[in-house]
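The values are calculated or read from the model by the stated rules, or taken from the named source; none is laboratory data. Bear in mind that the values here come from a model prediction, so they are computed numbers and not experimental data. All Cβ positions, even for glycine, are placed from backbone atoms using ideal geometry, and neighbour counts span all protein chains on display.
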Amino acid sequence: MDRLSNVTPDACRFTQALVRLPGRSVVDGLRAIDRGAPCLAGVVAEHAAYVRALEAAGVSVEVLPALEAFADSLFVEDTALVFPEGAILLRPGAPSRAGECAHMEPVLRRRFSKVLALEEGHADGGDILTTSDSVMIGRSARTDAVGAAALVRLLATFGRRGVVVDTPPGVLHFKTDCALVDGGTVLATARLASSGVFKGMRVLVVPEGEEAAANALRINDRVFVGEGYPRTADLLTRAGLRVVTLPVQQIGLIDAGLSCMSLRW
Ligand code: CIR
């Protein structure tokens, strides 16, 4: 297999991140299929391991307080889109999550000089993949056509090109099924890769049976992958990436993976 360059591309380089502590209410987090509630201590431990891994990768992490009224509020990625040049407040598609943005707004205003806001439709950050040359927006049950089109217009004010694509049916978020692992390379499930959305990019297809590993996260010189997906870890290692495995069993029960727990720039 061709190995990836060992120079970190800009789209994978991060110095800052925001995370939010899980509250006790996290046990009531949204899930498409109820396989039982996550264990609070387990979520807290997975979150703490994630913060440590970000810091070990050279990222300065601001930890925001838990919001008990919002069970899913630790998944800060869905509330906003951030770039070195500014931020965009989103409008999450799940009604129970809409109020999270009011708590993120003052944080973004403190951290960014330019903060725009999506004013119509809905878009979750989990549906948005920033690559080296575009910002892919996957329409899904959470991100609608109106929100996606409005987001493309806001991105243009940052000089960024938004491209609207489709998330496979039944998949929560676009990034449930993919992650950018290098400037022009994605890790993706077979179902998403075969839809043709990554034309012109190199695609590493997640081995069958390990689909949940697709929500990986490249941070600087390493890529975070959920524990328990040895064939995906091996695939990424053979491609020349340094793999860090992190526990995701409890957050997995509420349909989350590794990108959702932070906003990074
Ligand atoms: C939700 O359904 O909104 C949460 N339980 C999981 C959100 C995961 N977010 C993400 O992948 N960006």
Scope the range 221-235; condition aliphatic (A, V, I, L, M) and not in a strand (DSSP E or B); matching residues: A233, L235
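Within the range 132-140, is there a residue that is over 17 Å from the mean Cα position of the chain (by Cα), modelled with pLDDT under 95 and not aromatic (F, W, Y)?
Taking the range 132-140 as the starting set, the residues that turn out to be over 17 Å from the mean Cα position of the chain (by Cα) are 133.
Next, only the ones that are modelled with pLDDT under 95 stay: 133.
From what's left, not aromatic (F, W, Y): 133.
Within the range 132-140 (the criterion being over 17 Å from the mean Cα position of the chain (by Cα), modelled with pLDDT under 95 and not aromatic (F, W, Y)), the answer is yes, since at least one residue qualifies.
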Given (1) away from the ligand (no atom under 16 Å from the Cβ); (2) at pLDDT 95 or above; (3) under 26 Å from D124 (Cα atoms); (4) surrounded by fewer than 16 Cβ atoms within 10 Å (Cβ to Cβ), number of the condition F198 does not satisfy: (4)
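One line per residue, one yes/no per condition, for (1) among the basic types (K, R); (2) within 10 Å of the ligand (Cβ to nearest atom); (3) touching a helix residue (DSSP H, G or I) at 6+ places or on another chain (Cβ under 9 Å):
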position	(1), (2), (3)
V76	no, yes, yes
E85	no, no, no
I88	no, no, yes
P92	no, yes, yes
E100	no, yes, yes
M104	no, no, yes
V115	no, no, yes
A123	no, no, yes
D127	no, yes, yes
Test: residue in the range 24-39 that is of a type in the set (D, E), farther than 19 Å from L258 by Cα and away from the ligand (no atom under 15 Å from the Cβ): no
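Please indicate, with yes or no, whether at least one residue in the range 166-177 is surrounded by fewer than 20 Cβ atoms within 10 Å (Cβ to Cβ), on the phi > 0 side of the Ramachandran plot and not aromatic (F, W, Y).
Quick first cut of the range 166-177, residues surrounded by fewer than 20 Cβ atoms within 10 Å (Cβ to Cβ) only: 166, 168-170.
Retained after the next criterion (residues that are on the phi > 0 side of the Ramachandran plot): 170.
Narrowing further to those that are not aromatic (F, W, Y): 170.
Checking the range 166-177: at least one residue is surrounded by fewer than 20 Cβ atoms within 10 Å (Cβ to Cβ), on the phi > 0 side of the Ramachandran plot and not aromatic (F, W, Y).
Which one of V76, V61, V19 is within 14 Å of R264 (Cβ to Cβ) and in contact with a His (Cβ under 9 Å, 6 or more places away or on another chain)? So that I can check it myself, show each step before the final result.
Working: V76 fails: in contact with a His (Cβ under 9 Å, 6 or more places away or on another chain); V61 fails: in contact with a His (Cβ under 9 Å, 6 or more places away or on another chain).
From the options V76, V61, V19, the qualifying one is V19.
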Wholly enclosed strands (runs of 3 or more DSSP E) of the range 59-113 bearing at least 2 residues modelled with pLDDT of 95 or more, exposed (fewer than 14 other Cβ atoms within 10 Å of the Cβ) and touching a strand residue (DSSP E or B) at 6+ places or on another chain (Cβ under 9 Å): 60-64
Members of the range 236-265 found to be within 16 Å of the ligand (Cβ to nearest atom) and either assigned to a strand (DSSP E or B) or touching a Ser or Thr at 6+ places or on another chain (Cβ under 6 Å) (or both), listed by number: L246, L263, R264
Residue in the range 226-234 that is polar (S, T, N, Q) and either in contact with a helix residue (DSSP H, G or I) (Cβ under 7 Å, 6 or more places away or on another chain) or at pLDDT below 95 (or both) present: yes
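Look at V26 and say whether it is assigned to a strand (DSSP E or B) and modelled with pLDDT of 95 or more. Reasoning before the result, please.
Working: assigned to a strand (DSSP E or B): no; modelled with pLDDT of 95 or more: yes.
So V26 does not fit the description; no.
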Members of the range 118-140 found to be out of contact with any Cys (no Cβ under 8 Å at 6 or more places or on another chain) and assigned to a strand (DSSP E or B), listed by number: A123, I128, T130, V135, M136, I137, G138, R139
Complete set of residues in the range 159-206 that are aromatic (F, W, Y) and not in a helix (DSSP H, G or I): F198
